[in-house]
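Q: Right, I'll just put the structure down here and ask away after.
The values are calculated or read from the model by the stated rules, or taken from the named source; none is laboratory data. It should be emphasised that the depicted structure is a prediction, and the values quoted were computed from it without experimental measurement. Positions of Cβ are backbone-derived with ideal geometry, glycine not excepted, and every protein chain shown enters the neighbour counts.
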Amino acid sequence: MDRQIPSTTSDEIDLYIRTYYSLLRSSGDVLVRAFEEAHIHSKSSLHAAADDPAPDVAAFAYSAARLPACMYRIDRVVLGQSHEHFESAGYPIRTWTSVRTRGRRRPLRYDGEGTLAAFVSSTSDIDDLVPILTAYQIVWNKMHAFLIGTALGDRLQTASDDDDDTVDAEALAQILGITRDDVHTLRSALDSGWLPALREIASHPLDLRLRLLNGSYSQYQRTAQRWWSGIEPVYVRPEPPKRQPVYFVSSNTHSLINLVGGYARAHQRAIVDFARRTNRENLAPVFDEAIRAGNQPLIDNLSYYLLRAFLHERSIESDPSRLEDVQRFEAEVGIRTIDVPGQVDVNAQIIQLSRLLPERFDPRIQLPGLEALRESDALILNIDYPLGMAAYHHLSRVGQGIGEVRGIYIMGKAATLNGRIGDVMVPTVVHDEHSANTYLFRNAFAAADVQPYLKTATVLDSQKALTVRGAFLQNRDYMSVFYREGYTILEMEAGPYLSAIYELCDPRRHPNDEIVHLTTMAPFDVGILHYASDTPYSRRQSLLSKSLSYFGVDSTYACAIAICRKIFAHELSRLQQG
């Protein structure tokens, strides 16, 4: 049988990876500038203008969104696998401030004096962070070189944090050689740190230091065990069966519970009032038009999207019972959320099928005979999808700790080479760069499962996906080889998940550099859905320059509806068969 993958590999990307892993073996700090030449030489699609004189604002925005708002104060980043790991190296991070990013769920701690500690739960965190930090520094220093010695640069160096009049967008665009749209992108990327970050950029070049604490593969497994230890007490019951059958879902922490829990629909009038009062993201007119047209699916999607903002509105300070009300409402129907189990930033939810109330369901997931779920002994374990190889470690640990697996369903973002942002892609072939395996499998989903619930985009099934090691770790030449072989999806989790699924079906560890037929191996459903958040070779209309925001709700909920309906149909069929 012919191989299903191209024989060509990217020498530039391989050189880049070898460069930073070899340098990070050092027991001390490594200067990020040591990675810059290999980074530029890699010709990454996300940093296509790395060797141009003008700053690549899109690459900087992508990087800044995946770093904390305090990043302009940082000069050292330390990577480690556990609190003990950091403390044994002299970093008392339990006393440091927890900080977050908008574009990555990764535990971060800031000492307030220039050092950032980042937890790594798999090699994917290293493959993600190193290029992000390198791109950030390269663009920072280009902007500094343009600003130094200019009148605007001089004003910025003495500006206060709230002196918004300091920055003339037109002047900044002219000095940096970028467009006004790029200035808006830069401002959005720096978020609340917009002015202080610009002040620091104008004041000095950036010379970050990076240190990777000595770690091991077993520590990654230990991290996954610590994560599972936060879930197991909620999952394991005192009465038989102690370990219930599980439908495993990797998605997010809002879509499934909004569809089956019903809180947003029950409070829809209050959410509509909130939307009209605040007009967040200019969605009030959209809400009003949907109400006039009687477009209930759109009204529901808007309610789901705005629910988090509604719950965290300022008035919540005088009404802290609102979040408690949500938890009580969901607990009534057997939904339990476990936040940051084991101090690993991958939240989990347990949904007891027998306690769900179909009358609370979104109408789009209603099926005949749902009342029979009262007899089900199964539950849904939904986790907030991990990054890259962490998916392998987490699913492997879940497989060791649960009872029967009745289905595994994966939903996540991806880049598309042949579609548009918002499209849903359904792969049946996945090539995994981690294992070098090509996985062939029968996807539980087809276009007909998703398209009825997707109003603004298209579903593309029978696709091929490439699981890359990192968002920056691919380039146009490399991808053109895969594209000629029919690979149209770029993502980071499907391959690791399929490696873990192989080990749930076979007594051996997953192989390497083989064609693996999971089609006949898996005794349970395997379903993978990707929604397009990036079109890297189509005018860069991608997450480099914008967030999906509300635009992604249609595809997110179309996928989540398909997953819910698949689980319910599977469980109802099993119950009917006795």
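Q: Among the residues of segment 268-314, write down those that are touching a residue at least 12 places away in the same chain (Cβ under 8 Å) and basic (Lys, Arg). Even if it seems obvious, please write down each step before you answer.
A: Residues of segment 268-314 that are touching a residue at least 12 places away in the same chain (Cβ under 8 Å), as a first pass: 268, 270-272, 274-276, 278, 280-281, 283, 286-288, 290-291, 296-311, 313.
Matches in segment 268-314: Arg276, Arg280, Arg308.
Q: Please list, ordered by residue number, the helices (runs of 4 or more DSSP H) wholly in segment 1-104 having 3 or more residues that are under 20 Å from Ala197 (Cβ atoms).
A: Counting at least 3 such residues, we get 57-65.
Q: On to the next question. Tell me, please, whether a residue that is of a type in the set (A, V, I, L, M, F, W, C), surrounded by fewer than 17 Cβ atoms within 10 Å (Cβ to Cβ), modelled with pLDDT of 90 or more and over 31 Å from the mean Cα position of the chain (by Cα) can be found in segment 156-171.
A: Yes, segment 156-171 contains at least one residue that is of a type in the set (A, V, I, L, M, F, W, C), surrounded by fewer than 17 Cβ atoms within 10 Å (Cβ to Cβ), modelled with pLDDT of 90 or more and over 31 Å from the mean Cα position of the chain (by Cα).
Q: May I pose another question? Identify the single condition in (1) within 30 Å of Gln81 (Cβ to Cβ); (2) surrounded by fewer than 21 Cβ atoms within 10 Å (Cβ to Cβ) that Ala197 does not satisfy, given that it satisfies every other one.
A: (2)
Q: A further question on this structure: Residues in segment 511-529: is at least one over 16 Å from the mean Cα position of the chain (by Cα), modelled with pLDDT under 95 and among the β-branched types (Val, Ile, Thr)?
A: Checking segment 511-529: at least one residue is over 16 Å from the mean Cα position of the chain (by Cα), modelled with pLDDT under 95 and among the β-branched types (Val, Ile, Thr).
Q: Say whether the condition of being within 25 Å of the chain's Cα centre (by Cα), over 21 Å from Gly112 (Cα atoms), in the same structural domain as Met143 (by TED's automatic domain parsing) and of a type in the set (Gly, Ala, Ser) is met by at least one residue in segment 25-43.
A: Within segment 25-43, one or more residues are within 25 Å of the chain's Cα centre (by Cα), over 21 Å from Gly112 (Cα atoms), in the same structural domain as Met143 (by TED's automatic domain parsing) and of a type in the set (Gly, Ala, Ser).
Q: Any residue in segment 235-253 that's without any contact (Cβ under 8 Å) to a residue 40 or more places away in the chain and assigned by TED's automatic domain parsing to the domain that holds Ala390: show its pairings with residues that are among the basic types (Lys, Arg) and surrounded by fewer than 21 Cβ atoms within 10 Å (Cβ to Cβ) at Cβ separation under 6 Å, as long as the two are six or more apart or on different chains.
A: Every condition considered, the pairs that remain are Val236/Lys242.
Q: Also, I was wondering about something else. Only residues in segment 174-194 that are over 19 Å from Gly103 (Cα atoms) count as the first member; pair them with residues that are in a loop (DSSP other than H, G, I, E, B) and modelled with pLDDT of 90 or more, Cβ under 8 angstrom, at least 6 apart or cross-chain, and list the lot.
A: Ile175/Thr150; Leu176/Ala54; Leu176/Pro55; Gly177/Pro53; Gly177/Ala54; Gly177/Pro55; Ile178/Ala54; Ile178/Pro55
Q: I'd like to know if segment 225-242 contains one or more residues that are within 30 Å of Val32 (Cα to Cα) and not polar (S, T, N, Q).
A: Looking through segment 225-242, none of the residues is within 30 Å of Val32 (Cα to Cα) and not polar (S, T, N, Q).
Q: Is at least one residue of segment 83-91 crowded, with 16+ Cβ neighbours inside 10 Å, farther than 21 Å from Asp339 by Cα and touching a residue at least 40 places away in the same chain (Cβ under 8 Å)?
A: yes
Q: Separate question: Of (1) buried (at least 24 other Cβ atoms within 10 Å of the Cβ); (2) more than 26 Å from His510 (Cβ to Cβ), Gln474 satisfies all except one. Which?
A: Among (1) buried (at least 24 other Cβ atoms within 10 Å of the Cβ); (2) more than 26 Å from His510 (Cβ to Cβ), Gln474 violates only (2).
Q: Taking the condition of being assigned to a helix (DSSP H, G or I) and either buried (at least 18 other Cβ atoms within 10 Å of the Cβ) or at positive phi (or both), how many residues in segment 201-218 meet it?
A: Going through segment 201-218 one residue at a time, the tally reaches 2.
Q: Exactly one of these conditions fails for Arg187: (1) touching a Phe, Trp or Tyr at 6+ places or on another chain (Cβ under 6 Å); (2) closer than 26 Å to Ala117 by Cβ; (3) not polar (S, T, N, Q). Give me its number.
A: Against the list (1) touching a Phe, Trp or Tyr at 6+ places or on another chain (Cβ under 6 Å); (2) closer than 26 Å to Ala117 by Cβ; (3) not polar (S, T, N, Q), Arg187 comes up short only on (2).
Q: Within segment 434-521, which strands (runs of 3 or more DSSP E) (wholly inside it) include 3 or more residues that are in contact with a Gly (Cβ under 7 Å, 6 or more places away or on another chain) and in contact (Cβ under 8 Å) with a residue 24 or more places away in the chain?
A: 459-467
Q: In this structure, is Arg209 at pLDDT below 95 and among the basic types (Lys, Arg)?
A: Answer is no for this residue.
Q: Considering only segment 281-312, how many residues are under 21 Å from Ser255 (Cα atoms), assigned to a helix (DSSP H, G or I) and of a type outside the set (Gly, Ala, Ser)?
A: Number of matching residues: 17.
Conditions (1) under 26 Å from the mean Cα position of the chain (by Cα); (2) more than 26 Å from Gln343 (Cβ to Cβ); (3) of a type in the set (S, T, N, Q); (4) assigned by TED's automatic domain parsing to the domain that holds Tyr91, marked per residue:
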site	(1), (2), (3), (4)
Ile175	no, yes, no, yes
Ile178	no, yes, no, yes
Asp181	yes, yes, no, yes
Ser188	yes, yes, yes, yes
Leu198	no, yes, no, yes
Ile201	no, yes, no, yes
Leu206	no, yes, no, yes
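Q: Just to be sure I understand, how many residues within segment 236-256 are modelled with pLDDT under 95 and part of a helix (DSSP H, G or I)?
A: Total satisfying the criteria: 1.
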